[in-house]
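Take a look at the structure below.
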Amino acid sequence: MTEPADRPACPGPTTVLVIAKEPVPGRVKTRLTPPFTPDEAAQLAEAALYDTLRAVRAMPARRRVVVLDGRPGAWLPDGFDVRPQCTGGLDERLAAAFAGSAGPTLLIGMDTPQITPRLLAPALDAGAWDDCDAWFGAAEDGGFWALGLADPDPRLLRGVPMSTGRTGAVQRARLTAAGLRVRDLPPLRDVDTADDAERVAAAAPAGRFAATLARLTPVTGR
């Protein structure tokens, strides 16, 4: 097993939230089945979560929090607080995650295991919030993979239509309509489908997600 990366020596000004779901077969990555079985999809979800948390652990965050639907497991490294997700739609759950934080906060999900500390460095370094009120990372499917707020106001998320091809555009427009100065992070691909999984694994070949995908055989062709 690969050991988690060492934490950076100097914490930055930003809390990092990871919105996550316990990798239980039949409850995660359901769009991967088929070609993968529910158990294989859960293995891929756990690997994606592991890689995500390993990267976050190496980031210069003021605090690291997993906002979790379910129970912690062996995939959770030390150095993280755990808070339960609230009930309701995704917009309400994201809003509640921000409401439970104070000061500059960056929220990411578990669907982008290709993230690295370097990729998120602009939103986490000491000057990340100079002349900036929000950070936004668009997803290639039209959603968003990262959202940072200098003032974590949950009203900025409530009512945004989630899981649509225009979610990211609506969310970013909500930020600018509120008068926030927004900076952008690079667009990334979420892992939703088997094709997504292959492309993300190719982008991060050294991670556990890529290794897990390589050893799993799709149901078709067995």
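Derivation of every value follows stated rules applied to the coordinates shown; laboratory data play no part. A quick note: this is a predicted structure, and the numbers were derived from the prediction, not measured. Note that each Cβ is placed from the backbone with ideal geometry, even for glycine, and that neighbours are counted across all protein chains shown.
Could you size up the charge dipole of the range 15-216 around its Cα centre, putting +1 on the beta carbon of Lys and Arg and -1 on that of Asp and Glu, and report it in debye to the nearest 20?
Approximately 240 debye in magnitude.
Restricting everything to alpha-carbon atoms, can you work out Rg to Rh for the chain with a Kirkwood hydrodynamic radius?
So for the chain, dividing Rg by the Kirkwood Rh gives 0.95.
Which stretch or stretches of the range 151-180 have amide N atoms under 16 Å from the point lying 7 Å from K21's Cα along the Cα→Cβ direction?
Hits in the range 151-180 for K21 at 16 Å: 162-164.
Can you compute the FRET efficiency between A211 and S163 using 1/(1 + (r/R0)^6), with r the Cβ-Cβ distance and R0 = 30 Å? Round to the nearest 0.05.
Details: r = 28 Å, r/R0 = 0.95.
Working from the Cβ atoms, E equals 0.60.
Sorted from largest to smallest, which semi-axis lengths in Å does the alpha carbon gyration tensor of the range 9-132 give for its equivalent ellipsoid, taking the root of 5 times each eigenvalue?
Each semi-axis is the square root of five times an eigenvalue, giving 26, 16, 13 Å.
I need to check one value: relative contact order of the chain, counting alpha carbon pairs closer than 8 Å and at least 6 residues apart, in percent.
Working: 433 pairs, mean separation 52.2, N = 222.
24 percent.
Where Rh is the Kirkwood radius over the Cα pairs of the range 37-82, the temperature 37 °C and the viscosity 0.692 mPa s, what D in µm²/s does Stokes-Einstein return? Intermediate results must be reported in sequence, preceding the final value.
Values: Rh = 11.5 Å.
Here the translational diffusion coefficient equals 286 µm²/s.
How large is ³J(HN,Hα) for each residue in the range 45-51, as worked out from phi by the Karplus curve 6.51 cos²θ - 1.76 cosθ + 1.60 (θ = phi - 60°), to whole Hz, x for Gly and Pro?
Result, rounded to whole Hz: 5, 5, 5, 4, 5, 4, 4.
Give me the one-decimal nm value for the distance between modelled label points at R155 and L90, 7 Å along each residue's Cα-to-Cβ direction.
Placing both labels 7 Å along Cα→Cβ, they lie 2.5 nm apart.
In whole Hz, what ³J(HN,Hα) sequence does the range 31-41 give by Karplus (6.51, -1.76, 1.60; θ = phi - 60°), x for Gly and Pro?
Each residue of the range 31-41 in turn: 6, 8, 10, x, x, 8, 6, x, 5, 5, 4 Hz.
Quickly rank 181-188, 115-122, 59-66 as a protection proxy: mean count of other C-beta atoms within 10 Å, highest first.
Listed from highest to lowest mean packing, they are 59-66, 115-122, 181-188.
Take the chain, connect every pair of alpha-carbon atoms lying under 10 Å apart with a spring to form a Gaussian network, then pick out the residue of L49, L156, L106 with the largest mean-square fluctuation.
L156
In deg cm²/dmol and to the nearest 500, what is the mean residue ellipticity at 222 nm of the chain if only DSSP H runs of at least 4 residues count, each as -39500 (n - 2.57), divided by the residue total?
-9000 deg cm²/dmol
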